[in-house]
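Scroll down for the structure; my scribbles are underneath it.
The values are calculated or read from the model by the stated rules, or taken from the named source; none is laboratory data. All figures in this text were calculated on a predicted structure; none of them were measured in a lab. All Cβ positions, even for glycine, are placed from backbone atoms using ideal geometry, and neighbour counts span all protein chains on display. Accessible surface is based on the protein model in full, side chains and every heavy atom, while ligands, DNA and RNA are left aside. Shrake-Rupley method; radii C 1.70, N 1.55, O 1.52, S 1.80 Å.
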Amino acid sequence: MSFNKGFLLTELNKPTDWDNLPDMAKKHVPIVEVPEKTKAKEPFAVKIKVGGIDGVEHPNTLGHWINWVELYAGKRLISKVEFLPEVTDGYVATLNVTLNDNATLITRAFCNLHGVWEGKEKKIVVE
Ligand SMILES: [Fe+2]
């Protein structure tokens with residue numbers, strides 16, 4: 001998929017070349033921070049920020065905003081956070097998550113004009 005055309009409204013937008021992101025991706029993809037390892041049944045923090053890569057922030061207006069971000073462990077949806085235009089600032093969410101097994105965490109964010117964007121996968125080891 002080429003991002004030279006910008007975005008896909010009806011399909012998943014998923015960057016393949018993270019070293020050369022266009023501005024459209026820099027402001028839409030969710031970035032997730034998690035520890036590399038955790039312990040089974042012990043909660044840990046998952047910090048999510050949508051956009052803002054290299055300072056390219058997404059707009060936050062009544063006509064154009066990030067509506068939600070979802071967190072998956074593999075194919076399982078484990079949390080979803082909604083943002084409201086103009087009143088939620090920065091598209092940031094911190095979630096407490098508990099896992100029992102190793103997982104690949106995936107985040108997806110939805111822009112009302114530019115569709116769904118998937119962030120970089122994060123593998124987490126559960127000891
Ligand atoms: Fe957008």
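Result for the chain in a Gaussian network model with C-alpha springs under 10 Å: among 37, 14, 27, the largest mean-square fluctuation is at 37. Highest GNM mean-square fluctuation among 21, 77, 62, for the chain modelled with Cα contacts below 10 Å: 62. For segment 23-126, the calculated P(r) over all alpha carbon pairs, in 5 Å bins from 0 to the bin holding the longest distance, is 3, 13, 25, 24, 16, 11, 6, 2, 0 percent. Remark: the residue 8-residue 102 segment gains 30.7 nm on full extension, using 0.36 nm per residue and subtracting the alpha carbon distance.
Near residue 37, which lysines are there with a Cα under 23 Å away, not counting those fewer than 8 places off in the same chain? Partners found: 47, 49, 75, 80, 120, 122, 123.
Sequentially through segment 6-14, phi angles give Karplus couplings (6.51, -1.76, 1.60; θ = phi - 60°) of x, 6, 10, 6, 9, 10, 6, 8, 9 Hz, Gly and Pro residues having no value and appearing as x. Enumerate by residue number the trypsin sites (Lys or Arg not before Pro) in segment 51-127 meeting two conditions: DSSP loop (anything except H, G, I, E, B), and at most 12 other Cβ atoms within 10 Å of the site's Cβ. Answer by residue number: 75. With a Förster radius of 35 Å, plug the Cβ-Cβ distance of residue 37 and residue 87 into 1/(1 + (r/R0)^6) and report the FRET value to the nearest 0.05. Once rounded, the FRET efficiency stands at 0.45. Accessible surface of residue 10, taken over heavy atoms with a 1.4 Å probe and every protein chain present, rounds to 130 Å². Cα centroid separation, segment 1-60 to segment 66-127: 9 Å. Here the sum of -39500 (n - 2.57) over DSSP H runs of 4 or more residues, divided by the residues of the chain, equals -500 deg cm²/dmol at 222 nm, to the nearest 500.
3J(HN,Hα) couplings calculated from phi for segment 30-38 with the Karplus curve 6.51 cos²θ - 1.76 cosθ + 1.60 (θ = phi - 60°) are, in sequence order, x, 10, 10, 10, 9, x, 6, 9, 8 Hz; Gly and Pro show x.
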